[in-house]
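Accompanying notes for the structure given below.
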Amino acid sequence: MNLFRLFSLFILIGLFSACSSTPEKNDADNLGALSVPDANTQGLSELDRLDGSQLTEILPYEDNYGVQGPAAEPGEPLSVRVFYFDFDSSQVRPADYEAINAHADYLISNPDSRISLEGHTDSLGSREYNIALGEQRAKSVAKMMRLRGVADRQIQTVSYGEEKPVAFGNAEYALSQNRRVEIIYLR
């Protein structure tokens, strides 16, 4: 009887150790079937998962320099300070025309106000390419404002390329959040 118990104990130990094994390198192909949390959203609150247009409706805007800029209620065109671009494009989206025109009108009626248009890109492409693309994006917004009548001295453009991401990772959501131009009101 003792031999039977000892044999049963070995079988149970073998079963438990087989259940707790980790996949070997050869099993890497099978890991795709596992349910793994998305690394780009893991640990983010619901507010962090919202896109930029929703954030402007929820959060008050204060730029990097601490200058509030024009007062605007959430949802009004002046409350939008970030404009997003398609992949490999510096063309302003038609949906952003109203907000860009509202900022241009504000600058025209406040000739002492100045802005910096900061161009950004995702991490795809070389550093040099991304600096050039970020510059083109900032210049596209500046051109729209100048055509509306904003003085050259009120607008400066700068490109950060991929150097100042707001979202990390290579998921499309993160990449799309980094393809942007930000309006920063200066002192």
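Computed from the coordinates by the stated procedures, all read-outs in this text should not be read as laboratory data. Bear in mind the structure is a predicted one, so any value in this text is a computation, not a measurement. Here the Cβ positions follow ideal geometry from the backbone for every residue, glycine too, while neighbour counts run over all protein chains shown.
Residues 160, 185, ranked from the fewest to the most other C-beta atoms within 10 Å, line up as 160, 185. Applied to region 172-187, the Karplus parametrisation 6.51 cos²θ - 1.76 cosθ + 1.60 on θ = phi - 60° returns per-residue 3J(HN,Hα) values of 4, 4, 5, 4, 5, 6, 8, 8, 8, 10, 10, 8, 10, 7, 9, 6 Hz, with x for Gly and Pro.
Just want the ordering: 85, 168, from fewest to most Cβ atoms lying within 10 Å of their own Cβ. Provide the component values of the computation, followed by the final result.
Values: 85 26, 168 12.
Ascending Cβ contact count within 10 Å gives the list 168, 85.
In order along region 119-128, phi translates into HN-Hα couplings of x, 9, 9, 7, 8, 7, x, 6, 4, 4 Hz, rounded to whole numbers, per the Karplus curve 6.51 cos²θ - 1.76 cosθ + 1.60 with θ = phi - 60° and x for Gly and Pro.
Exposure proxy check: 100, 115 ranked by fewest other beta carbons within 10 Å?
In order of increasing Cβ crowding within 10 Å: 100, 115.
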